[in-house]
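**Q** Quick one: the structure is below, questions incoming.
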Amino acid sequence: MEECGLGQPLNPWFSDCLTARSYRVKVGDAFSEEKQVNCGVPQGSGCGPVCYLMYVNSLCEVLRHCSAHMFADDLCTLSASTDLSEMCRRVQEDVDAVVKWSHDNGIILNADKTKMIIIHSPYLSSIDNPPPLFAHGFDCFHNNKINCTCKPIEKVNCVNYLGVKIDTSFSWDSHIEFLCRKLRILLEKFYHLRTKVSLPILKCLYFALVDSIIGYALDCYGLTFKTYIDKVESLQIRFLKLLVNKKTRNQCKGDYYKLFKICKILPASLKHRFLVLVNNHGKQDRFTSLVHHITDTRSMSKGKFEIPMVQNYYGDRTLKKRIPYLLNSLPEDIRRETSLDKFRGLLKNHLLNML
């Protein structure tokens with residue numbers, strides 16, 4: 001807590017709260033003997049997660065070459081380079097530092113759950129045999145890594161991180177298939193529910209169960225190929241056909257895409273635009289700059305943004321390209337709106353009117 005800048009009177013209070021605790025187990029009417037708690041925090045306490053975050057806060061400081069991205073007890077480290085061997089050497093140094101930090105702080109690093117993934121262009125052929133990485137045990141460090149028997153960290157082609165499947169080329173095909181499987185399971189449930197609940201309740205269930213699943217990380221995986229997003233929208237349409245009455249369904253026969261506007265639900269492709277723009281509202285200065293010419297131009301008068309030149313599909317999917325491109329596609333009044341709530345409402349109406 002002192003490392004995080006917290007001192008008196010919180011430190012003594014937390015010390016008293018965490019010290020001299022004990023627990024016992026109850027089975028039926030019988031209790032076990034009490035055992036002293038020498039480490040950790042009380043289970044279910046409100047301050048427990050905060051205490052843990054403060055406890056692992058210094059972990060990021062031991063990384064010298066990689067950036068750290070932490071969520072609870074998950075740690076993701078990223079490093080980028082054009083020299084794979086040199087990059088793996090630097091990453092190995094940081095892995096060693098994490099192992100030592102874990103040992104010094106009484107935390108066990110689960111080497112079996114640690115994975116390595118190399119994200120690269122599919123046109124590169126020099127990444128088939130990268131140098132292995134090792135999560136050395138502390139006994140191995142004591143022996144200066146002599147006669148090391150530690151297993152190398154598993155190299156995978158797809159990793160599941162916080163519910164999102166990330167592949168080696170950022171094509172998101174694995175995540176789309178994973179997402180579609182979940183939606184098909186829900187679709188079966190909706191077929192049974194349509195005869196038991198009203199349409200308004202069914203629509204509430206759609207937003208709670210389906211829309212939340214599609215929207216999770218959509219601002220990332222929505223940058224995939226159109227053919228992959230079409231799979232998600234095809235399943236969306238099957239849900240929407242259950243959210244309207246038979247008369248409306250028959251009126252839209254042959255062009256069920258109209259159901260999105262009728263139900264006021266954005267298809268995945270437009271919802272992706274919505275999320276990217278809303279999540280980066282007010283941050284345009286980080287990614288964009290206004291068109292600037294010596295002479296006055298139509299773009300300048302309308303406050304449009306410079307769109308950087310890119311040379312490949314990866315460059316086209318970067319925020320530096322996508323944000324100014326999407327902002328320029330909006331009417332001027334929406335693009336200039338500073339209030340997030342008003343911007344969100346105007347943007348959704350604009351996207352619905354595009355259907």
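The values are calculated or read from the model by the stated rules, or taken from the named source; none is laboratory data. Only a predicted model underlies this, so the values are computations on that prediction, with no experimental measurement involved. In this analysis, Cβ positions are derived from the backbone assuming ideal geometry, glycine residues included, and neighbour counts consider all displayed protein chains. The protein model used for the area step is the full one, side chains on, heavy atoms only, and it has no ligands, DNA or RNA in it. Shrake-Rupley method; radii C 1.70, N 1.55, O 1.52, S 1.80 Å.
**Q** In nm, give the distance between the simple-model label positions of Asp167 and His103, each being 7 Å from the Cα along the Cα-to-Cβ direction.
**A** 3.9
**Q** Probe radius 1.4 Å, ligands and nucleic acids ignored: give me the carbon and sulfur share of the accessible area of the chain as a rounded percent.
**A** Carbon-and-sulfur percentage of accessible area, whole number: 54.
**Q** Say we join alpha carbon atoms closer than 10 Å with springs in a Gaussian network model of the chain; which of Asp29, Asp341, Asp112 then has the biggest fluctuation?
**A** Fluctuation is largest for Asp29.
**Q** In debye, nearest 20, what is the charge dipole magnitude of the chain about its Cα centre with +1 on Lys and Arg Cβ and -1 on Asp and Glu Cβ, if you could check?
**A** Charge dipole of the chain: 2560 debye, to the nearest 20.
**Q** A further question follows. Taking the chain as a Gaussian network, Cα atoms linked when under 10 Å apart, which of Asp173, Asp74, Asp16 shows the biggest mean-square fluctuation?
**A** Asp16
**Q** Follow-up. Per residue, how many Å² of accessible area does the chain show with a 1.4 Å probe?
**A** Details: 22620 Å² over 355 residues.
On a per-residue basis, the chain sits at 64 Å².
**Q** Hey, in the GNM for the chain with a 10 angstrom Cα cutoff, which one of Val159, Val25, Val99 fluctuates hardest?
**A** Fluctuation is largest for Val25.
**Q** Hey, what angle do you get for helix 173-193 against the long axis of the chain, alpha-carbon based, 0 to 90 degrees rounded to 10?
**A** Compared with the principal axis, the helix lies near 70 degrees.
**Q** Using the Kirkwood radius over Cα pairs, work out the Stokes-Einstein diffusion coefficient for segment 51-97 at 4 °C and 1.567 mPa s, in µm²/s as a whole number. Let's see the in-between values first.
**A** On the way: Rh = 11.5 Å.
Stokes-Einstein gives a translational diffusion coefficient of 113 µm²/s.
**Q** Determine the alpha carbon to alpha carbon distance for each of Lys261/Lys348; Lys35/Lys100; Lys100/Lys145 and list only those over 18 Å.
**A** Lys35/Lys100
**Q** While we're looking at this one, here's another question. Report the relative contact order of segment 60-219, percent, no decimals, based on alpha-carbon pairs under 8 angstrom and at least 6 residues apart.
**A** Once normalised by length, the contact order is 16 percent.
**Q** Largest first and in whole Å, give the semi-axes of segment 185-269's equivalent ellipsoid, each being the square root of 5 times a Cα gyration tensor eigenvalue.
**A** 22, 16, 10
**Q** The list (i) -0.66, -0.79; (ii) -0.94, -1.06; (iii) -0.73, -0.89 gives values of log10 I(q)/I(0) by the Debye sum over Cα atoms at q = 0.10, 0.11 Å⁻¹, and only one came from this structure; which label was calculated from it?
**A** Of the labelled values, this structure produces (ii).
**Q** Compute the FRET efficiency between Asn143 and Val197 as 1/(1 + (r/R0)^6), taking r as their Cβ-Cβ distance and R0 = 51 Å, and round to the nearest 0.05.
**A** 0.20
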